[in-house]
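Contents: one structure, followed by commentary.
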Amino acid sequence: MTEEDLVAQPFLKPSDLGRVKTSLANFLALMRPIVVVDEVVLADPASPIRYVITVEALKEGWDCPFAYVLCSLQDMKSAKDVEQLLGRVLRMPGARARAQPELNKAYAHIVAQSFAQVANQLVDRLVQNMGFEAYEAALAIAPGTGEQPELLAAPRTPAIDESWVSLPMVPSAPVPAKLADTLKIVPTVGGGGTAIIQGEITDEIAALLVENIPARQKPQVEEAIEQARIRRQTQQAPGARGIPFAPIPQLCMTLDDALQPVEKRLLAVLGEFDLMDEPIVLAGFSARENGDVFEIDVADGQVRYALGPTAQLHLNEVTTSWTENDLVRWLDRECRQQDVPQASMLKWMIKTIQHLRNERGFTLTALIRGRYPLKEAALREIERRRRVAIAKGFQTKLPTFIASPLLEDRFQYGFYFHPTNYPGRPPFYRGRYRFRKHYYGVIHDLRATTEDGQPTEEFLCAQAIDVHPKVKHWVRNVEHEDASFRLPTSGDYFYPDFVCELHAGKLFAVEYKGEHLASGDDAREKAQIGHQWEATSHGRCLFLMATKRDDLGRDVRQQIDAKLSSAQAI
C-alpha cells in the first residue's frame, strides 16, 4: 500500500490532504511492510502484522483483538461511536505489568470538533457502561499536544495546562479584556461553543460562562465546568504526574527470630487461639420453627381456615438417614478455617453436637434440619473466640510492636500508595475550596459543610494539612481497602483519616475524632497504637489524634502545627 493509495481513500476530504500528508509519510516510514493474506488470524502471536489501516472499522463490525493503540481520523460525535472506539482497545489480551507506567495503558487517539463534548461522553461511558471509577475516567482522558510522548523514569509535568468546557450556546456577553489571555470561546457546529481556559478555572471564569446563558441551560454548564475542573485537577495531581509517595513503614513484630507485619491471624496465634479453651455454649443457635400452619376446611359450601400449631407436625421426631458423624463431617467442610487444624475442628464439632443433644435437648433430626443456621452459629462462635484471642494477643504484645526498619533504599515491610490506584468512593469532595496538595485528583468522602452551612470538622482538618508549609502532599485515606494504609487494633484495623508526606521525607498520619468520640475506648486504642508506631520509627513517622479542641484549648490547625513543629519533624 502506497501513500497515494492512502490519500485516495474516501475518509479523507480534499481539504485534509495538506494537513495529514506529512504525518502519513512519517508514519509509513516507520511501519513494517504489511502483507495482506486471506484468512489471516490477527490474534495469532506469530502473525507478522503490526499495523492495520482501515476505512470505516467502527461501522464494519471489524475486530482486532490485539489492538492496544487506535487512531481515528473521523470526527467523534455520537456516544455510540465513543463507546465502540473504547471497546476496541480495552481488552488488552496477554497484557502484563511493565516498569514504565506508559506501557501499562491502551491508547485511543481521536479527532473531534469539540474535545470537551467528546470528553464528557467518554467519561460517562467509562463510568456508566465500562466499570471505571470517576477518578480513573478523569485520569484517562486528556487533550493531545501534537507531540510524541516520551517514556520518562522521572516525574513528569503535565504537557498542557488547558481545560475545555462544552457549552450549549455561545455566551451572550463578550470575554472581558482582562480574561482575554486565559479564556477563549470557539463556536462549534450546531450552534454550541467550546470554552478553552488556560490554567485554573476560576470562579470569575465560571460565573461568566454560567450567567450569560438561559436559565434552563445553567445546570448543564455548571456540571460541565465541574467535570472540567475534576479532569484538570486529576491530571495535575502528583500521582498522575508520576511523583512517588514516600513508602510508609508497617507495624511489625519479631516472631521466631523473624520480623513480620502485625496481622489479625498472627495476633490470634499470639493470643493462643484454641476452640477448646472455653466451655461450649453456642448461645446464638435456635431451631425454632418460624412458619405458620393453617387448617382449611370446607363445610356447608363455605371455606373456613384457622391457625394451627406447627409442633403438631412433629417433623423433628422423624427418623433421618444421616448419622451424627455425617453432620459433624458436613459442618467441618462448611466451617473450615485456615488457622484451625482439622483435628481440632472435628473435636470441637463433636463436642458441640453432643452439647446440643445432651444438654439442650435437640434431636439429631432437628439439628440436621437446622444445619444451615447451625453452621452460621458455629462460624459466629469461632469468630467470637478468635476476636477474644486477638485482643489478648494485642494487649500482651503491643509493647513489642515496632515500625518496620529502614534498609538501604526501602523499608523491610513498607506500604506504598500507587500513583493511579485510589479506591476512593463517591461522594467525592466538591466544595468551593481548592485543595492544592492532595496526592490524587479526587478526594474520598469529604463533606465541605454541614446542613446548616458550617464547615465540617474533617474539612477544617484537611484544609489545615493542605496549607501547612511542611506538608509535601497528602492522601485522604479510604477505610477498609487493601490499597489504603492501616494499623492493627485488638478488633480489626484502623485507617488513619489523613496520611501525609512531609518535605523532609518523613510521614505524618492524622486520625480525626469528633468530641463525642474522642474519649471512647476505640479512640484511646487507636491513639495508643498510633503513638507506638511513631515512637518506634526512629523519628521517621509522626502520629496525631486530632480533635476540635484539645486539652490545651488548641484548635485543629494549632494541633497540627504544634506536632509538625516538634523536634522530630524538623
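The H on the amide N of Ser537, modeled in the peptide plane, is under 5 Å from the matching H of Ala403, each at least 5 residues off or on a different chain. Residues whose amide H lies under 5 Å from that of Thr188, counting only those 5 or more places away or on a different chain, are Gly193, Thr194; hydrogens are built 1.01 Å from N in the peptide plane. Here the peptides 224-236, 383-395 are ranked by packing, the mean other Cβ count within 10 Å, and the order with the highest first is 224-236, 383-395. The phi-based Karplus calculation (6.51 cos²θ - 1.76 cosθ + 1.60; θ = phi - 60°) puts the 3J(HN,Hα) values of the range 426-434 at x, x, 7, 5, 9, x, 6, 5, 9 Hz, whole numbers, x for Gly and Pro. Give the shape of the range 522-570 as rounded, prolate or oblate, defined through the alpha-carbon gyration tensor: a ≥ b ≥ c are the square roots of its eigenvalues, a/c under 1.5 means rounded, and otherwise the shape is prolate if a/b is larger than b/c and oblate if not. Since a/c reaches 1.5 but b/c is at least a/b, the shape of the range 522-570 is classed as oblate.
The Rg/Rh ratio of the range 432-552, with both radii computed over alpha carbons and Rh defined as the Kirkwood radius, is 0.95.
Residue exposure proxy: Tyr512, Tyr495, Tyr433, ordered by other Cβ atoms within 10 angstrom of their Cβ from fewest to most, comes out as Tyr433, Tyr495, Tyr512. The dipole here belongs to the range 481-534: it is taken about the Cα centre, uses +1 on the Cβ of Lys and Arg and -1 on the Cβ of Asp and Glu, and is about 180 debye. Counted by neighbouring Cβ atoms within 10 Å, the residues Met169, Met545 run from fewest to most as Met169, Met545. Remark: the range 541-549, residue by residue, has Karplus-estimated 3J(HN,Hα) of 10, 10, 9, 9, 9, 8, 9, 4, 9 Hz, where x stands for each Gly or Pro and the curve is 6.51 cos²θ - 1.76 cosθ + 1.60 at θ = phi - 60°. Cross-link check: pairs Lys264/Lys513; Lys397/Lys526; Lys472/Lys526 evaluated at a Cα-Cα cut-off of 21 Å; pairs beyond the cut-off: Lys264/Lys513; Lys472/Lys526. Exposure proxy shown here: for Arg371, Arg549, Arg50, the number of other Cβ atoms within 10 Å sets the order, fewest to most, as Arg50, Arg549, Arg371. Database remark: amide H of Leu70 closer than 5 angstrom to the amide H of Tyr107, Ala108, His109 (H placed geometrically; neighbours at sequence offset of 5 or more, or on other chains; Pro and chain starts carry no H). Using the Karplus relation 6.51 cos²θ - 1.76 cosθ + 1.60 with θ = phi - 60°, the per-residue 3J(HN,Hα) values for the range 226-236 come to 5, 5, 5, 5, 4, 4, 5, 4, 5, 6, 8 Hz, with x marking Gly and Pro.
None of the figures in this text is laboratory data; all of them are computed from the coordinates on show. Keep in mind it's a predicted model, so treat the numbers as computed, not measured. In this analysis, Cβ positions are derived from the backbone assuming ideal geometry, glycine residues included, and neighbour counts consider all displayed protein chains.
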